1. Show me 319-329, 179-189, 53-63, 148-158 ranked by packing, highest mean number of other Cβ atoms within 10 Å first.
2. Ala213: net charge of surrounding residues, Cβ under 12 Å, Lys/Arg +1, Asp/Glu -1, itself excluded?
3. Taking one equal scatterer on every alpha-carbon of the stretch 208-293, how large is log10 of I(q)/I(0) by Debye at q = 0.12, 0.13, 0.17 1/Å?
4. Between the alpha-carbon centers of the stretch 167-193 and the stretch 9-87, tell me the distance in whole angstrom.
5. What is the P(r) of the stretch 135-275, as percent of Cα-Cα pairs per 5 Å bin from 0?
6. Rg (Å, one decimal) plus Dmax (Å, integer) for the alpha carbons of the stretch 1-118?
7. Roughly what angle does helix 2-17 make with the longest principal axis of the chain, taking Cα atoms, 0 to 90 degrees, to the nearest 10?
8. Rg and Dmax of the chain, using alpha carbons, in Å: what are they?
Amino acid sequence: MAHLAARTGYDRLVKRLNKCPQGAPPSKLLYEILKILMSEKEALLVAQVPIKPFTAKTAAQAWKMSLPEAEKALNALAGRCLLLDIAGRKHRYYVLPPPMAGFFEFSMMRLRGELDQKVLAKLYYQYITVEEDFIKALFTQGETQLGRVFVNEPVLSSDQALHVLDYERASEVIKTASHRGIGLCYCRHKMEHAGHACDAPLDICMTFNNTAASLIRHGYARAVDAVEGLALLDEARGRNLVQFGENVRNRVSFICNCCGCCCEALVTARRFGILHPVHTTNFLPAVDNETCTGCGECAAFCPVEAMTTVSANDPLHPRKKKAKLEESLCLGCAVCVRVCKTKSLRLVSRAERVITPLNSVHKAVLMAIERGKLQNLIFDNQALLSHRAMAAVLGVILKLPPLKQAMGSKQMKSRYLETLIARLRL
């Protein structure tokens, strides 16, 4: 009985996490991770917070404690980045970030003596990379995904550069952010402890705006100005790392500089590429068969194995090779274009532009619609029995084919919701 009681807080937290579009499938490994990150009492508190940003007063009411007690508990959780705290005009707001990109990463974004990061890294590796349920749920469900790739700007032609929008440029995200934070790369730090490290730099993970402000405040990231941020971006490109960031147009919260061997998003793209787990850029590389020597550099550096070499079918040179692109797998990152020594690769526009959500609210709603969890966002206060009942009813209604298809249409998802969210200034 004591064993069951000890799991109560963690069980409730797992249930709470899975109300969000980005959940965490239950697993013995997940419970082991949560036990390292927080106590059972803390898990019980976190399980009761709303999905939307909330104040200390809201937490105090949910937790049935005084405001000073709630503020103390919230600050302790925010101090370990289990919650993010955001400075508003009148109040400080708190929000529970998803596991990914969220508190899983934050636990590895700096060296921490109070956590056994080696054990934690091995658990992450087993839960995310080996067990697969989490990474499939995160990256392969629905059309709207967590992240998107930014094109390698220096390889764009002058004409192409004129048609690349600001939100498609990692450099513009860095220049316009209110806050910029640099922390340890979660993926490579994890893989280092798991015995699968590569030589790409660790101190190059970028966060922005409110997320960066919270991480900087609690020592999980160091503040940098735009000049240093752009210098780190240049370093990442020089090392042929891929810029993978939040799939929104306004106020991007993170950009990871990813290697194909450690990054979970790129590993997923290789393993489940046909399911399109990562949103691409609006470009594809095109091969000039006249000048391509088939050296294989592009294939060697492609992070998702979309570029290969095949026979050139030259009867005079039977061993001659040429580059070949598998378009369905290509991210459009342009790393291959950068490394091509003979300049036989150039970027061309995709036939259809990729749709990017307006902001994090728009993205969350789209993901919720596609994953059948919209009711959890609408009826956020799960403490009320009436809301729980209405959420259950709405959940059934949303699964009915005609309405589900209507909610999932491109017009509904892109134009109607975007206009509504913009007018509400969410």
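None of the figures in this text is laboratory data; all of them are computed from the coordinates on show. Fair warning: this is a prediction, and the values are worked out from it, not measured in the lab. Cβ placement follows ideal geometry from the backbone for every residue including glycine, while neighbour counts extend to all protein chains displayed.
1. Working: 319-329: 16.1, 179-189: 24.1, 53-63: 18.0, 148-158: 19.6.
Top of the packing list down: 179-189, 148-158, 53-63, 319-329.
2. Working: positive: Arg92, Arg180, Arg217, Arg251; negative: Asp85.
Net charge in that neighbourhood comes out at +3.
3. Debye curve over Cα of the stretch 208-293, log10 I(q)/I(0) at q = 0.12, 0.13, 0.17 Å⁻¹: -0.51, -0.59, -0.94.
4. 25 Å
5. 2, 10, 19, 21, 22, 16, 8, 2, 0
6. Considering the stretch 1-118 through its Cα atoms, Rg and Dmax are 14.1, 47 Å.
7. Long axis of 2-17 versus the principal axis of the chain: about 60 degrees.
8. 22.6, 84
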